[in-house]
Each structure stands twice: as structure tokens, then as C-alpha cells.
1. For A:Gly77, work out the one condition from (1) buried (at least 21 other Cβ atoms within 10 Å of the Cβ); (2) under 21 Å from B:Ile221 (Cα atoms); (3) more than 11 Å from chain B (Cβ to nearest Cβ) it doesn't fulfil.
2. Return yes or no: is A:Ala63 facing chain B (nearest Cβ under 9 Å), under 29 Å from B:Pro211 (Cα atoms) and part of a helix (DSSP H, G or I)?
3. Being facing another protein chain (nearest Cβ under 10 Å), small (Gly, Ala, Ser) and in contact with a Gly (Cβ under 7 Å, 6 or more places away or on another chain): is that true of B:Ala174 here?
4. If I ask for residues that are open to solvent by 10 Å² or more (accessible area, probe 1.4 Å), assigned to a helix (DSSP H, G or I) and closer than 30 Å to A:Lys129 by Cα, which ones from region B:133-170 would you list?
5. Which of the numbered conditions does B:Glu91 fail, given that it passes all the others? Conditions: (1) under 34 Å from the mean Cα position of the chain (by Cα); (2) more than 24 Å from A:Phe137 (Cα to Cα).
6. Out of region A:174-195, which residues are over 17 Å from A:Asp49 (Cα atoms) and at pLDDT 95 or above?
7. Kindly indicate whether A:Gly33 is within 7 Å of chain B (Cβ to nearest Cβ), open to solvent by less than 10 Å² (accessible area, probe 1.4 Å), modelled with pLDDT under 95 and assigned to a helix (DSSP H, G or I).
8. In this structure, is A:Tyr84 open to solvent by 60 Å² or more (accessible area, probe 1.4 Å), touching a residue at least 24 places away in the same chain (Cβ under 8 Å) and more than 19 Å from B:Phe115 (Cα to Cα)?
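The values are calculated or read from the model by the stated rules, or taken from the named source; none is laboratory data. Predicted, not measured: the structure shown is a model, and the values here were computed from it. We place every Cβ from the backbone using ideal geometry, glycine too, and count neighbours over all the protein chains shown. Note: areas computed on protein heavy atoms with side chains; ligands, DNA, RNA excluded. Shrake-Rupley method; radii C 1.70, N 1.55, O 1.52, S 1.80 Å.
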There are 2 protein chains.
Amino acid sequence: MHDSGSHPHHSHEEQHFQQSNLIRDVVIGMADGLTVPFALAAGLSGAVDSNAIVITAGIAEIAAGSIAMGLGGYLAGRTEIEHYDSELKREYHEVKHFYEKEKEEVREVFAQYGFSVPTQKLLADELAKDEDKWVEFMMKYELGLDKPDKKRATQSALNIGVAYIVGGIVPLSAYFFTDVPHDGLLYSSLITILCLLTFGYFKSKFTGQPPVNGALKTTGIGVIAAIAAYSIAKLFQ
Amino acid sequence: MHDSGSHPHHSHEEQHFQQSNLIRDVVIGMADGLTVPFALAAGLSGAVDSNAIVITAGIAEIAAGSIAMGLGGYLAGRTEIEHYDSELKREYHEVKHFYEKEKEEVREVFAQYGFSVPTQKLLADELAKDEDKWVEFMMKYELGLDKPDKKRATQSALNIGVAYIVGGIVPLSAYFFTDVPHDGLLYSSLITILCLLTFGYFKSKFTGQPPVNGALKTTGIGVIAAIAAYSIAKLFQ
């Protein structure tokens, strides 16, 4: 929508855009990394009497979770790109070989918004003059597909994976500096709740949501997950 | 795009649609539920000598993960609905109070696709006749927002959360029926890899991707996560 290529502040804006993407990735990965390792460690704290076991399990979870989230996100991004490219190829094929049918589809898109029949016809005729624009239009408004950013998908997956690791180390660190799981849980809860409030706040701010509300929601998920894990692990102990 | 309300097969199609949504939720939750608890249990198998600890940690992880995924998804869905509603209100306000500016924005949307200036003007004039259609158009084409389905968000979060629990029980079950973590890991790997292949296959089939490729990717993530968790837990043991 915004053609930054023709804009004099292009490189500045691009940089700004990349920075906020990075911040968003970090906040998402870190908030998730804080939640599950925190709750897992809390759950184990009620069931085992050794900090070493809590730490081992926590580290195994961080490894598993960061790979599932990072590699999973990377492959999902790749799949999305392949899907877009194959649909793009098909759309080009269709505007070439089913010219009239595709024009009818353009008219249908506009018919939804109450445009008159002559206007629908005019639109389809004008759009059909430029094949690239036509395909671009069909991709977005018939299929609802946005062009995925190839570089961004890889970078984003890496950012989220690393942020998950950093986030996961926070609740775990308390078990390094205490002697028994009970104390570990106390300090882990304190620092994790503080971090969840902070990350929930910024996460909501970046997505344009009410930040205090968002901070409470993000923290609430972590606390409920920890209480559930603690209760269930105690039950199965 | 498809006005099923005016369609004679309405209720049949709706049912079909709901069924495939359910299947998609289950497959997503289950594939994720298989991955992380599997990798966590594998990681602990290399570091502890008691199946009871692996099971306790696994159950704590399933509780934590299903709540993070289910409740997190539910709250994200609610946030999306609130965001849509507040943008909708703003768009109605804008078409009332900044009539000419909003018409200019309609012209800009069409300018991107190479429509001529008189056509842009005609489109904006026609669209402005019906306020509801106009707002609907701006929500989708200016802001890129689709109307979220309120009932669907809640149901989907619940489906995914429950599927995560069911998925997580699969890799863990092997530790119930064996005596030492080494044997548990062997059987857990066998059944989990089989399930990941199956779920990856169906997950890809439902999203229109090559299913064999998808089965290998889903399984690859699980296996890599398990190997990483095992190696790192062994190191920190």
C-alpha cells in the first residue's frame, strides 16, 4: 500500500520497520518462553525435592520448545511461500486460459459491495488490461493471500526461537541460586510474574491493544498454567 | 465471498465446514502436543533414572502447554474481536465525519491496481452510496481485517487445548508401561514418530500442501527437538 521505494526517507523507514519487527518477535518468543518453562518448573517443584531435576527438565523443555517454535515457524513460513508461489502460477495460468471466467470472478468480488453491473463490467475490463495488476488483485481479493516476505520468515523464526531460550532461562535461573525447589519456586514466581507483566505490556502496546489489560492477560495465562501444572504434578507424584 | 445464507444446501455446507474446522484444530493441537512432551521426556530419559520423574515432568508440561496454547489462543481470539469492533466503530465515524478524505482513500486503494482516475472517482462515488458496504470495503481493503467469528474463536481454543492433552499423552504412555527411562524412550520414539507422520500427513492434506513432504517436516521437527533436548539435558545432568 505504501510505496516506500519512491520515498526520500526510504532507508530510514525501512530500518524503523525492521526494528519494530525484531521487537515484536522478541516479545512474542520471550513471553511464550517465560510461560511454559515457568509452569513446568513450578509443577516439578511440588513433586520432586531436587533443584537439579527441575533445572534438567527446564533445560530440556527450553531446547524442545525453542526448536518447535523456531523451526516450526520457519517451516510454516516456507510452506506459506510455496503455497503463495503455486497459487500465483495458477492465477497467471487462469487469466491467460480462462480469461472470461476470471473477469466474471472480478465482477463477483465487486458485486459483494453493491457496485452496479455496468461498473462491475468497467472494473473487470480495466483490470484485465494489465495482467500483473490483475493477478495481484486476484491473489489478494479473491484468494485473500498477501505476498509473504521470504527474508522476513527466516529471520523471524530465528528471533522467536532465540527469544524463547532467553525467556525460558529467566524462571529457571531462580533454581540455580537456591537450594531447594520450594525456594526456587518462590523466587522464580516473583521474577517471572514481573517479566510477564512487562512483556505483556509491551506486546499489547506493539499490537495497538490496551497495555495494562494485555499485561494482566499475559501474566494470568502464566500463573494459571503454573498453578495447573503444580496441582496436577502433585496429584501424580 | 460465498453467501451460504441464500443457498439451499446451507445447513449441510455449514456442518461440513464446522467438521473440517474441528479436524484442523485437532490436528494442529495434537501435532504440537506430540512434539514438545515427546522431546521433553526424551531429554529427561538421558538424564534421570526414574520413569516416575519423566511422567511427572511430562504431565506438568502437558498441563502448562495446553493452557498456554488453549487459553492463550482464546484470549488472542478475544483481542482480535475487540480490535475488529473498535476499528469498525472508527471506520463508521470516519465515513460520517471525514467523508471526502475516506473517498480519497477508496480511490487510493484502486489506484494501486492501475485503475484510471475517472474510474477511481466513479468507484468511490458508487461505494459511498451505501454506508455499510463502504465500511465493509474499508475494513477489508484498506485495513486488511476480516470479520472474526466469535463462536469459532472459543471453540477452536478449546479443541486445540484438548487435542494438545491427547497428543501429549501418546509419547508419555510409553513410560507408564516400561520400567526404565531407556525402554520408555525407545517405545515413546516409535509410537510418537508414527503419530507425527500420520498427523503431519493429514495436517498438510487439510491445508492443501504436499502430504508426504508435510509428514516428513512435522516428524523432523519432533525428532530434532528430541535429539536436542536429550543432548542438552545429558550435558547439564
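1. (1)
2. yes
3. Taking the combined requirement at face value, the residue does not satisfy it.
4. B:Lys133, B:Glu136, B:Lys140, B:Glu142
5. For B:Glu91, the failing item is (2).
6. Narrowing region A:174-195 to residues over 17 Å from A:Asp49 (Cα atoms): A:189-195.
Correct list: A:Ser189, A:Leu190, A:Ile191, A:Thr192, A:Ile193, A:Leu194.
7. Values: within 7 Å of chain B (Cβ to nearest Cβ): no; open to solvent by less than 10 Å² (accessible area, probe 1.4 Å): yes; modelled with pLDDT under 95: yes; assigned to a helix (DSSP H, G or I): yes.
No; evaluated as a whole, the condition is false for this residue.
8. Details: open to solvent by 60 Å² or more (accessible area, probe 1.4 Å): no; touching a residue at least 24 places away in the same chain (Cβ under 8 Å): yes; more than 19 Å from B:Phe115 (Cα to Cα): yes.
So A:Tyr84 does not fit the description; no.
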